[in-house]
1. Quick one: dipole size for the stretch 10-147, taken about the Cα centre, charges +1 on Lys/Arg Cβ and -1 on Asp/Glu Cβ, in debye to the nearest 20.
2. Arrange the peptides 88-97, 58-67 so that the one whose residues have, on average, the most other Cβ atoms within 10 Å appears first.
3. Could you tell me how far the Cα centroid of the stretch 109-148 sits from the Cα centroid of the stretch 24-64, in Å?
4. Could you calculate the FRET efficiency of N105 with Y53 from 1/(1 + (r/R0)^6), where r is the beta carbon distance between them and R0 is 30 Å, rounded to 0.05?
5. Can you sort S36, S24 so the residue with the fewest Cβ neighbours within 10 Å comes first?
6. Run the quick spin-label model on S36 and Q122: label points 7 Å from Cα toward the beta carbon, then report their separation in nm to one decimal.
7. Take K93, project a point 7 Å from its Cα along the Cβ direction, then tell me which residues of the stretch 107-146 have their backbone nitrogen under 19 Å from it.
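A short reminder: the numbers here are calculations on the coordinates, not readings from a lab. None of these values were measured; they are calculated from a predicted model. Glycine also receives a Cβ, built like all others from the backbone with ideal geometry; neighbour counts cover every protein chain displayed.
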Amino acid sequence: MPVSKHRDHKESKAGVGLLALGASGPWEVAIDETLSGSPRYFVQIEGPSVYLYFELTTVTAIEEALDFFSAPARDTQAKPFDGNGKLSLAKNKDVQISLTRDDENDDRYFLVIEAQSGLHVQFTMAGKDLSHIYKALRDAKDDLEDED
């Protein structure tokens with residue numbers, strides 16, 4: 001899927017612009033940043049049947065996610081991963097978004113959204129989708145490094 005780094009984001013009118021972009025197969029990962037004020041970073045993940053947009057805890061969360069996917073299950077006990085193989089990507093007072101490693105299959109992960117209200121949404125990433133998501137994240141990370 002060819003994509004242009006210079007897309008017209010509707011968010012750009014609200015003070016957010018495209019910082020980095022990665023794509024693989026049907027998946028796309030875009031990293032946005034605020035154009036003024038304190039730096040804030042947002043990730044947009046788009047695939048065949050899902051679209052997510054949320055604020056990242058830090059822009060380094062992209063590299064941490066790549067490390068999380070690459071680390072053997074036994075290595076997820078080390079920081080920045082918590083003891084149960086979980087990596088927090090976003091957290092505010094109402095919602096937490098994290099990556100969690102499946103404890104049954106080494107090649108399956110979950111993107112988990114949990115709200116204080118009791119909402120719990122879990123997206124499964126495995127097989128070709130996981131491979132494409134990983135490649136799109138890596139491309140976005142490379143694009144971030146090109147910005148430096």
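1. Numbers: 14 positive and 25 negative charges, 70 e Å.
With only Lys, Arg, Asp and Glu charged at Cβ, the dipole is about 340 debye.
2. 58-67, 88-97
3. Computed from Cα coordinates, the inter-centre distance equals 9 Å.
4. Details: r = 28 Å, r/R0 = 0.93.
Once the sixth-power term is evaluated, E becomes 0.60.
5. Least to most surrounded, the residues fall as S36, S24.
6. 4.4 nm
7. 114-119
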